[in-house]
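For reference, the structure is listed below as structure tokens.
The values are calculated or read from the model by the stated rules, or taken from the named source; none is laboratory data. Just so it is clear, the model here is predicted, and its values are computed rather than measured. All Cβ positions, glycine included, derive from the backbone under ideal geometry; neighbour counts span all protein chains shown.
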Amino acid sequence: MTAQVRKWFVQREETHATESGRAADGPPVVKIVVAAAVRNPYAGTFGEDLTGVFAASAALGAEFATRIKTAADGAELASYGKACIVGTNGEYEHGNAWLTTEFATPVRDALGGAIAWMPSTGKRGGPGTPLDIPLAHKNALYVRSHYDTATVTFSDAPAPDEVLVAVAVATRGRLHARLGGPSAADVIGRDGLR
């Protein structure tokens, strides 16, 4: 099985100030979302064994990694997350089959060997369904400053027999994050990741 991609999407945003107007405490937060409308091979069926998607998702993840690096244009990426929207002829589980470790590993490798679990979510819906992609630090989930969300919509995906697969990345944590907990520098130093 191979991933049959109908369409690729790339979205980018920069945030230079908080919602209350406070200017960034450093560089802006840049968020990039790369997504693909992929044919759902299980659309209209229950599909007892979904593991056939795993190998195809690894190749899809490698293509995501390439496209994320291109979109980042050399910027260092600090956080990430993944999500899906399953078209209405499919089950939510069909989308999750595309988001397993096989898919995520090439993306983590592209971000310099990121080691943290990549947070994920998903839902069923049609074109224009809003998708909130969770973000967390690429090396330590418990760095609170990097808990964030990328919210996106896609004009014509997913079709009923598709899965919209998406990855969000960000260049830093939230502007003026002030909820305490370990910092990214603390965790990286303690875990020997420098």
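Side notes on the structure shown:
- In the stretch 16-29, the residues that are over 17 Å from A78 (Cβ atoms) and in contact (Cβ under 8 Å) with a residue 40 or more places away in the chain form Cβ pairs under 6 Å with partners that are outside any loop (DSSP other than H, G, I, E, B) and among the small types (G, A, S), at six or more places apart or across chains, as follows: A17/A23.
- Residues within the stretch 150-162 that are within 14 Å of the chain's Cα centre (by Cα) and in contact (Cβ under 8 Å) with a residue 24 or more places away in the chain, tallied: 3
- Residue within the stretch 51-60 that is modelled with pLDDT of 95 or more, within 23 Å of G113 (Cα to Cα), surrounded by 13 or more Cβ atoms within 10 Å (Cβ to Cβ) and touching a Pro at 6+ places or on another chain (Cβ under 8 Å) present: yes
- Residues (within 19 Å of P158 (Cα to Cα), more than 11 Å from the chain's Cα centre (by Cα) and buried (at least 17 other Cβ atoms within 10 Å of the Cβ)) located in the stretch 77-102: I85, V86, G87, N89, G90, E91, H94, G95, N96, A97, W98
- Per the listing A110, A170, A97, the residue uniquely small (G, A, S) and either in contact with a strand residue (DSSP E or B) (Cβ under 6 Å, 6 or more places away or on another chain) or without any contact (Cβ under 8 Å) to a residue 12 or more places away in the chain (or both) is A170.
- Answer residue from the stretch 36-66, given it is among the hydrophobic types (A, V, I, L, M, F, W, C) and closer than 10 Å to W98 by Cα and is farthest from the chain's Cα centre (by Cα) among those: L50
- Test: R108 is of a type outside the set (S, T, N, Q), farther than 23 Å from Q11 by Cβ and either surrounded by 17 or more Cβ atoms within 10 Å (Cβ to Cβ) or more than 12 Å from the chain's Cα centre (by Cα) (or both): no
- Filter pass, K7 being among the basic types (K, R) and either closer than 20 Å to N139 by Cβ or at pLDDT below 95 (or both): no
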